[in-house]
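The values are calculated or read from the model by the stated rules, or taken from the named source; none is laboratory data. Only a predicted model underlies this, so the values are computations on that prediction, with no experimental measurement involved. Here the Cβ positions follow ideal geometry from the backbone for every residue, glycine too, while neighbour counts run over all protein chains shown.
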Amino acid sequence: MHALDAHELYRFFHIGDDETAALRGVSFHVAAGEIVALVGPSGSGKSTLLACVTGLDEPDGGYVEVAGVRLTRRPEAHRTRVRAASFGILLQSGNLFGHLNVEQNLRLQMLLAKKPDDERMAGLLESVGLSHRARAFPTELSGGETARAGLAVALAADPPILIADEPTAEVDADTESRLIAHFEARRDAGLATLLATHSRALAQKADRVIRLKDGRIDRG
Ligand SMILES: Nc1ncnc2c1ncn2[C@@H]1O[C@H](COP(=O)(O)OP(=O)(O)OP(=O)(O)O)[C@@H](O)[C@H]1O
């Protein structure tokens, strides 16, 4: 049993008569204490895969297990419970509440996980380079700041499984190093991390790299 298991995932999208096979039988796992990097060209299915493994999207075939418990095709209430207990999630759609400032978004995430910790919050803001923007609201942040604030929220409750889509896409080299150190600390703490990334530096630090191509794992 792994922190996360994906079994033969399929996902199709239909627009008019056109069908896109975004995932075509993808199986993989992420163990506790492991960083796995998901890489592949634009359109290869990375974001679709991350949405399916978190239960935010339902695969058309196959299933996902979180610590051995099935997530796929279970009632929404069950999926929501598993997500809250097991995942920190940063997808490209973002994860910030617009009526809360950055600090309040982090605090809310910690409260939901019953882990309020102001000191940890300050450390997280510093590690994503946003200490000076703690009081800013999401509409007042740049694209890069929004992504970093979202990552801090995803990390806030020290989730057993971190799922992040392009967590270092819009950061400078120093911030990327700090974030990599953060992911490595998660590994040392026995937590699982799955990152979709175009960053070579980040992929090099992963324990395993999974390469997607046209909705399949490319073993070439
Ligand atoms: N909601 C949707 N409706 C229709 N097609 C979709 C939808 N979401 C994704 N697709 C298609 O599925 C395929 C996989 O997309 P996906 O976003 O998963 O790729 P990606 O590897 O994450 O790309 P990128 O690196 O650009 O984010 C693409 O062909 C995309 O156009």
- Which one is surrounded by the fewest Cβ atoms within 10 Å (Cβ to Cβ) among residues in the range 136-145 that are assigned to a helix (DSSP H, G or I) and modelled with pLDDT of 90 or more? Thr139
- Query: Which residues, taken from the range 12-26, are farther than 15 Å from Glu58 by Cα and either more than 11 Å from the ligand (Cβ to nearest atom) or surrounded by 11 or more Cβ atoms within 10 Å (Cβ to Cβ) (or both)?
  - Reply: Asp17, Thr20
- Task: Looking only at the range 28-38, decide whether some residue is within 15 Å of the ligand (Cβ to nearest atom), of a type in the set (Gly, Ala, Ser), part of a loop (DSSP other than H, G, I, E, B) and within 23 Å of Leu151 (Cα to Cα).
- Result: no
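Would you mind stating whether Arg120 is modelled with pLDDT of 90 or more, closer than 22 Å to Ile35 by Cα, away from the ligand (no atom under 16 Å from the Cβ) and of a type in the set (Lys, Arg)? Working first, answer last.
Values: modelled with pLDDT of 90 or more: yes; closer than 22 Å to Ile35 by Cα: yes; away from the ligand (no atom under 16 Å from the Cβ): yes; of a type in the set (Lys, Arg): yes.
Against the criterion (modelled with pLDDT of 90 or more, closer than 22 Å to Ile35 by Cα, away from the ligand (no atom under 16 Å from the Cβ) and of a type in the set (Lys, Arg)), Arg120 qualifies.
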- Item | Filter result for the condition that a residue is in a loop (DSSP other than H, G, I, E, B), crowded, with 16+ Cβ neighbours inside 10 Å, within 13 Å of the ligand (Cβ to nearest atom) and of a type outside the set (D, E, K, R), over Pro59, Pro41 | Pro59
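Condition check ((1) modelled with pLDDT of 95 or more; (2) out of contact with any Gly (no Cβ under 6 Å at 6 or more places or on another chain)) across all residues:
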{"site": "Pro41", "(1), (2)": "no, yes"}
{"site": "Cys52", "(1), (2)": "yes, yes"}
{"site": "Gly55", "(1), (2)": "no, yes"}
{"site": "Pro59", "(1), (2)": "yes, yes"}
{"site": "Pro75", "(1), (2)": "no, yes"}
{"site": "Arg79", "(1), (2)": "no, no"}
{"site": "Ala84", "(1), (2)": "no, yes"}
{"site": "Ile89", "(1), (2)": "no, yes"}
